[in-house]
Amino acid sequence: MLEIKELTKSFGGLIAVNRVSLKAREGGILALIGPNGAGKTTIFNLITGVSQPDEGAIFFQGRRINRLLPFQIAALGISRTFQNLELFTNLTVVENVMVGAYRKSRAGFWKSVFRRPGATKEDRLLYQEALGLLDQLGLTLYADEPAGNLPFGQQRLLEIARALAARPKILLLDEPAAGLNPNESRELAVFLRGLVNQGYSLILVEHDMETVMSLADEVVVMNFGTVIASGEPGEVQQNTEVIAAYLGEEEEEAC
Amino acid sequence: MLGTESQYMQYLFSGLTLGSIYALIALALVVTFNITGIFNLAIGEFVTIGALAAISLREVGCPNALAYTLAVIIAGLVGVLMERGTINPARKASVLTLIIITIGVSIALRGAALLIWGTHPYTLPAFVDAAPLSFLGAVLIPQSLFVLGLAVVAVALLFTFFDFTFAGKAVRAAMMNRTAARLVGINPARLSLFAFAFSGIIAALAGIFITPITTATYDMGFMLGLKGFVAAILGGVTNATGAIIGGVLLGVIEAFAAGTLPSGLKDAVAMVVMIVVLLTRPTGILGQR
Amino acid sequence: MLKRSLLVLLCLVLTIALTGCGKAKTTTEPTAGESKEAYKIGAVVDISGPAASLGEPERNTLQMLVADLNAKGGIDGHPVDLIILDNKSNETEAVLAAKRLIDQDKVLAVIGCSQSSTSLAIVDTVTKSGVPTISMAASAKIVTAEDGKQQPWVFKTAQSDIVVANKIAKYLVGQGIKDVAFLSMNNAFGDSGLKNFEEAAAANGINILLKEKFEATDNDMTAQVTKVKASKAKATVVWAIPPSASILTKNFRSLGINMPLIHTHGIGNQTFIDIAGADANGVIAPMGKLVVAEQLADTDTQKQILLSYISNYQEKYGNRPSTFGGHGHDAFELAVKAIEQAGPDRAKIRDALEGITDFPGISGVFNLSVEDHNGLGEDSMVMIEIRDGKWHYLAD
C-alpha cells in the first residue's frame, strides 16, 4: 500500500535518513522502531510532505507522492499523529476531531464560509461522528473542554481520534503509547488491533519493544538512518545487530 | 454653555466613532496576521479604495446601495489580486520580505489612487438625512451611529463565523497550528486568499462608512492604516477582541488628546501610544506569550 | 526560486514606477513664430497636496492665458514660454522648484506660490537672485518685511489678510457683535490671519474669547468646535482653506451651534461648498468680486473683465473659475504688462511692476507702487453669504 524506495534526507551535514526502503502492507500494522535519532520521525515527515526528500521516492497505492503538498497528501487518505502533539489547543476536544474530518467535508471551504452557522445537516453529522470517535477512545467526558486542558495521555488519544476523523486509508502513529501507563497502553493496543479489523492500515513508530512485539505484523528496525533489520517480530528480536543497538541504549539508560 | 462633563462626553463620542474605524482596520490586520503570519501593511489603501470607488460609482449614476456594494466587491477583488499576484508567488520568502512586499503594494495602490482620483478631497452624503441627536449635553451625529453599528455587526459576524461554522473552526485551527492544519487537509493557499479578500472587504466598508464624516482623499489610507496597526499592537496582535479594544481605546485617547493638547500633536498620540506599549507590555492588552 | 525573486522584484519596480509619475512638470511651449526669442516665465504652483484646490484653478488659468497670448503672437512678437512646476503644497519643494526655474531655466519672472506658507518659503531665494516674483497668496508678510518696508522683489495679487481682517471686523461691528471665537489653520496663512485679526479686533473693540488651531490635514475638528460651543462667543471666525474649512463647517453645524459662522477668502472655490454640502449655507465671508460677478452693478469697473474670464474659463474647462484662479490671472497679466514695458530685464521688470496703477484685475483694481507691492484695498472685496449652495452678494 505504501512503499518507500531509497529515501534519503540530510539536514545540513547530518544524514538523517540514508537510502531507506520499506513496504507497508494493506490492512496490517508495520512498526518502525529504533533508538532515538534513528530517523523514524523524519520518515514520517517525508511521507506526509512536511519535508522533501533529497533522493528516493514514496509511493502510495501505486501513486508517487513525494512531490505533493502536505494538504494534498492528507487528501489522499494519509493521516498522522505527532510525537510532540500538534493539537489545536484553542479548540474544544470535539472541535479538534471535527476539524480532523476536514477533507471529508464535501461543501468545500467557500461555501461553508457563507452558510448559516450551525444549522446545516452536515455540520450536525460531523458533530455526531466526532462524538462517536471520542466515545471509542473514552474521551466523551472531555468533549467540550479546550483541548489544551486535557491530561497528556488523553491528549495523545485525542490526536488519534482526530487522525481517524478523516477516515484515512493509512494511519501513521508517532509514539502513540508514550506517556501512557501500562494499563492505558494495553487498552490502546487493543484499540489499534480493532482498527486493523475495521480495515485501516497502520504504521507505528514505537520506542517500547514490548508493545511493538505483541501488536505488529511486521517490524522495521532503524539505526543511524538506515534499516538494520526487517521482518516478523519474532525474527527481528533474535537479530544480533538489533540486540546490540538496543543493548547499547540500555546501557546508556542504566547509567 | 457647555459644561466640562458635556465636553468630555463630546470627546468620547468623537473618539468612539473614529475608534470604531481603527478597530475595524486593526481587526483586518489581526485576522490576516493570525491566518498567514503576515502584517498586511497595505490595509489602509483598501479603506481608500472602498471610499473612492463608491464615490466614483455614484458619480456615474449608481444608486447608493449598489455603489457601496460594488465598491466593497472591488476592494475584495483587489485583495484577491494582491494575494495571488504578490503574496502567493513569494510565499516561500521570509515573513519580513512578505511584509515589505505589502508596503510596496501600498505605495503602488496609493500611486494608482493619485493617478485616478487626483488630490481632490471627495465626500459621500450621510446615510440618513436626520438631525444630530443630543445625549447628555453632547451631540451625536447619525452617521456616527452607523459607524459604531458597522463595528458591532462586523465583530458579531466574525465571532459567529469563528465559533459556529465549520469553516470558522477550520480557520481557527489553522491560525493556531499551521502544520497540523495542513496535515488535516486544509489548503493554506486558500486560507491566505480568504484572509486578504476578507481584510480588504472590512477595510473598504470602514472607508465608505467614515467618508461622510471625514471626506476621502487618495492618501487617506496611510494614516488610518498606521493607526490601525498601532491599535492592533495596543490590543495584542494574537487576539481579535484585542484589536477591537485597541482600536476603540486609541480613538478615545486621541479624541481627548485633541481636546486638551494642541491639535497638531493629535497624530503623534498614536505614535506615543505605540512606543509606550512596545516598551512596557509588547504583547498588548490582551495578547499572550 | 530565482524566478520568484525576479517576479517580486518586478512588482516592486512597477510600484515605484507608478508612483514616480507624480513629478509633474507642465511646459507650455510657444507654438508658431519661432523667429523672435522666447520670453521665459516660471510658475511654482501648489497643484497637488492639501492646497490642490487652490493650485489647480491657478494652473488652469495660467495655461489658458498663455495659450491665448501666444495665439495672439506673444509679447511684441516674442512667444512666451511658461514653465509650471508643482511644489506639492510643500515649502521645501517650492524652494527647489524656484531655484530650478531661476538657475536652470533662467526665467525673467516667477509666479508663485498658491499658499502663504510656500510663498514665504521662496522669498529668500528669489531675493538673492533678484527675480521679480508675484505670489498668489494672502499673507501680508509675503511682501512686507519685519521693518515694514516692502520686499524689493516680491509682489502679490491676493487681497492681503489685513484687508480681510478689517472687513470682517467692520462686519461684526455692523452686526453689533463684540465677542468672537477664532479658529485658524496651524500654518503661515492661519498665523498671519490670527495676528492681523487680533489687530483689527483691537482697533474695533472686539474681544477674541477663544483661539483654537487645527492642521490642514485634520479630518475632525469636533474637539475645537466643542470648546466654541462651551464659550460665550457670539460669532465664530474661521481662517482656513478647504478641505479643513469645509470639515470644520460640517462639525460646527452638527453640534448645532447657533451663531454666525464667518470665513475668509480662503474658501473662494466650489470645493468648499461641494465638501461642506448643505452645511455651507449661512456662511459669511469677504470675497473677491469674482464669485458674484453677475450680481454686481453694471457700473462696476471690474464687471466686464470678470465676466469674460468666467466665460473663457468655463468654455475651456467646463466649470466656473474660483477666486484663486483669479489670483493666477492677475499675476500673469501683471507680469506680461511689466515685460511689455521693460523687455527681458529682471530689474527693469520689477521697476515696471511698481509703476502699474489703476489696473483692473480679477482680484481687484491694482495700484502698485514702491511702498505697496500688493496694491489692493478694502474695495477689492465684498461680503457674501452662501445661500442654497450659491454665493450671494450682500450689499452693504
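Read-outs throughout are calculated quantities, based only on the coordinates presented, and are distinct from any laboratory measurement. Please read these numbers as outputs of a predicted model, since none were measured by experiment. Note: ideal-geometry Cβ built from the backbone for every residue, glycine included; neighbour counts use all protein chains shown.
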Query raised in the report: Could you give the distance between the Cα centres of the range C:270-301 and the range B:131-206, to the whole Å?
Result: 46
Query raised in the report: From the phi of every residue in the range C:75-92, what ³J(HN,Hα) in whole Hz does the Karplus formula 6.51 cos²θ - 1.76 cosθ + 1.60 yield, where θ is phi - 60° and glycine or proline is x?
Result: 9, 6, x, 7, x, 9, 9, 9, 9, 9, 10, 8, 9, 6, 6, 10, 4, 4
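Within the range A:49-105, which trypsin sites (Lys or Arg not before Pro) sit in a loop by DSSP and count at most 13 neighbouring Cβ atoms inside 10 Å?
A:Arg67
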Query - Per residue Cα convex hull volume in Å³ - calculated over the range B:4-280 - result: 139
Query - Local electrostatic count at C:Thr264 - Lys and Arg +1, Asp and Glu -1, tallied over other residues with Cβ under 12 Å - result: 0
**Report entry** Per DSSP, loop trypsin sites (Lys or Arg not before Pro) in the range A:1-30 with at most 11 further Cβ within 10 Å
**Finding:** none
Query raised in the report: Equivalent-ellipsoid semi-axes (√(5λ), Cα gyration tensor) for the range C:220-277, whole Å, largest first?
Result: 19, 12, 9
Requested in this report: Taking chain B as the reference, fit the longest principal axis to its C-alpha atoms, fit the long axis of helix B:142-164 to the helix C-alpha atoms, and give the angle between the two in degrees, 0 to 90, nearest 10.
Outcome: 20
Report task. Can you tell me the relative contact order of chain C? Whole percent, Cα pairs under 8 Å, sequence separation 6 or more. Result -> 16
Query raised in the report: Can you pull the three principal axis extents for the Cα set of the protein assembly as shown, in Å, largest first?
Result: 120, 69, 54
Query raised in the report: Pick from C:Glu199, C:Glu385, C:Glu91: which residue has the top mean-square fluctuation in a GNM of chain C where Cα pairs under 10 Å get a spring?
Result: C:Glu199
Report task. Take the alpha-carbon centre of the range B:1-46, take the same for the range C:162-221, and report the distance between them in whole Å. Result -> 34
**Report entry** Sites A:Arg67 and B:Val272 - FRET efficiency at Förster radius 45 Å, r taken between beta-carbons, to 0.05
**Finding:** 0.30
Requested in this report: Quick one: go through the range B:147-184 and flag any residue whose amide nitrogen is under 18 Å from the point 7 Å out along the Cα-to-Cβ line of A:Ala143.
Outcome: B:164-166
Query raised in the report: Computed over the Cα atoms of the range B:27-125, what is the ratio Rg over Rh, Rh following Kirkwood?
Result: 1.02
Report summary line: Quick calc of log₁₀ I(q)/I(0), the range C:91-141, Debye, one scatterer on every Cα, no solvent, q values 0.24 1/Å, result -0.83
**Report entry** Test item: B:102-108 mean partner chain Cβ contacts at 10 Å
**Finding:** 4
Query - For chain B, built as a Gaussian network whose Cα springs stay under 10 Å, the top-fluctuating residue of B:Leu114, B:Leu133, B:Leu158 - result: B:Leu133
Query - Per-residue [θ]222 nm for chain C (sum of -39500 (n - 2.57) over DSSP H runs n ≥ 4, rounded to 500) - result: -13500 deg cm²/dmol
Report summary line: Two pseudo-spin positions, 7 Å from Cα along C-beta at A:Asn197 and at A:Glu235, lie apart in nanometres by 2.8
Requested in this report: Enumerate the aspartates and glutamates that B:Lys266 could reach by cross-link, defined here as Cα to Cα under 12 Å, with residues fewer than 8 away along the same chain left out.
Outcome: B:Glu254, C:Glu215, C:Asp218, C:Asp220
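Compute the projected area of the convex hull of the Cα atoms of the range C:296-396, averaged over all viewing directions, and report it in nm² to one decimal place.
Mean shadow area of the hull around the Cα atoms is 7.8 nm².
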Query raised in the report: Rounded to the nearest 5, what is the percent of antiparallel bridges among the DSSP beta bridges in chain A?
Result: 55
Query raised in the report: In the range B:34-113, which trypsin sites (Lys or Arg not before Pro) are in a loop and have at most 13 other Cβ atoms within 10 Å, using DSSP for the loop call?
Result: B:Lys92
Requested in this report: Would you mind checking the range B:56-83 for residues with the amide N under 14 Å from a putative spin-label position 7 Å along Cα→C-beta of B:Ile116?
Outcome: B:56-60, B:68, B:70-82
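Give me the Kirkwood hydrodynamic radius of chain A in Å, from all C-alpha pairs, to one decimal place?
After inverting the mean inverse Cα-Cα distance, the result is 19.1 Å.
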Report task. Taking 7 Å along the Cα-to-C-beta vector as the label spot, tell me the B:Asp163-C:Thr217 distance in nanometres, rounded to one decimal. Result -> 4.0
Report summary line: Checking B:Asn40, B:Asn239, B:Asn88 against a Gaussian network model of chain B (alpha-carbon springs below 10 Å), the top fluctuating residue turns out to be B:Asn88
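Assuming R0 = 22 Å, can you tell me the calculated FRET efficiency for the pair B:Val60 and C:Asn319, based on Cβ-Cβ distance, to the nearest 0.05?
Efficiency computed from Cβ-Cβ geometry: 0.75.
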Query - Overall dimensions of chain C by Cα: Rg and Dmax, Å - result: 21.7, 78
Query - Neighbour net charge for C:Lys149 - beta-carbon separation under 14 angstrom, K R +1, D E -1 - result: -4
Report task. Please give the calculated 222 nm ellipticity per residue for chain B, where each DSSP H segment of at least 4 residues contributes -39500 (n - 2.57) and the sum is spread over every residue; nearest 500 deg cm²/dmol? Result -> -25000 deg cm²/dmol
Query raised in the report: Label A:Gln128 and C:Thr301 with points 7 Å out from Cα along Cα→Cβ: what is the distance between them in nm?
Result: 9.6
Requested in this report: Provide, for q = 0.17 Å⁻¹, the log10 of I(q)/I(0) from a solvent-free Debye sum over equal Cα point scatterers in the range B:129-240.
Outcome: -1.02
Query raised in the report: For helix B:220-235, what angle does its Cα long axis make with the longest principal axis of chain B, in degrees from 0 to 90 and rounded to 10?
Result: 70
Requested in this report: Distance check, please: which entries in C:Lys289/C:Lys390; C:Lys195/C:Lys227; C:Lys88/C:Lys213; A:Lys5/A:Lys40 exceed 18 angstrom between their Cα atoms?
Outcome: C:Lys195/C:Lys227; C:Lys88/C:Lys213
Report summary line: With x for Gly and Pro, the residue-by-residue ³J(HN,Hα) of the range B:202-207, computed from phi through the Karplus equation 6.51 cos²θ - 1.76 cosθ + 1.60 at θ = phi - 60° and given in whole Hz, is 4, 4, 5, 4, 4, x
**Report entry** Cβ-placed point charges (K, R +1; D, E -1), dipole of chain C about Cα centre in debye, nearest 20
**Finding:** 1120
